[in-house]
Amino acid sequence: MKESGRKQGALSPCAACKLLRRRCAQDCVFAPYFPADEPQKFASVHKVFGASNVNKMLQELPEHQRSDAVSSMVYEANARLRDPVYGCVGAISSLQQQIDSLQTQLAIAQAEVVHMRMRQYGSSSNNIPGTMDMVVDQTNAGESLWSC
């Protein structure tokens, strides 16, 4: 069972103290969030934000919010290391472009379904007297609407 990011009875320092080469105190603010078996987690956060800033942020937050804050810092740090210019904003922008593209494809597919139904309805109503004839634009009938 782990307690404060360290094994009970062992004096193994957390990943932050190990990287900073300092003694890990019993009340270490990093220990619960940066366990010794995940050194890369703190290394990326330290590289982007700095240990002192992370320490200040964690101490200013209530304990019940610290875990979420660390998760956010780790995500932002990893995004910033992958894309130093845009970081998370680059990932969000890319996902937004994918959403826009998929929404366009969905609208095209829905229009194609309506078009097919109109054709089917038009061909089945030709034999019923008193129904209106539908005019379907046949200029692009050979092309698929899926080509974007």
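Annotations
- Remark: the residue 85-residue 112 segment gains 5.6 nm on full extension, using 0.36 nm per residue and subtracting the alpha carbon distance.
- Within-12-Å neighbourhood charge of residue 70 [Cβ basis; K, R +1; D, E -1]: -2
- Accessible surface ranking for 82, 23, 66, 1.4 angstrom probe, highest first: 23, 82, 66.
- Annotation: extensible slack from residue 96 through residue 37 equals 17.8 nm (criterion: 0.36 nm per residue apart, minus Cα-Cα distance).
- Cut-off under 5 Å, modelled amide H: who pairs with residue 87 long-range: none
- Accessible area in the full protein assembly, largest first, 1.4 Å probe, for 100, 83: 100, 83
- Projecting label points 7 angstrom from Cα along Cα→Cβ for residue 27 and residue 105 puts them 5.5 nm apart.
The values are calculated or read from the model by the stated rules, or taken from the named source; none is laboratory data. Predicted, not measured: the structure shown is a model, and the values here were computed from it. Every residue, glycine as well, gets a Cβ built from its backbone with ideal geometry; the counts of neighbours run over all protein chains shown. To get the accessible areas, we keep the full protein, side chains included, count just its heavy atoms, and leave off ligands, DNA and RNA. Shrake-Rupley method; radii C 1.70, N 1.55, O 1.52, S 1.80 Å.
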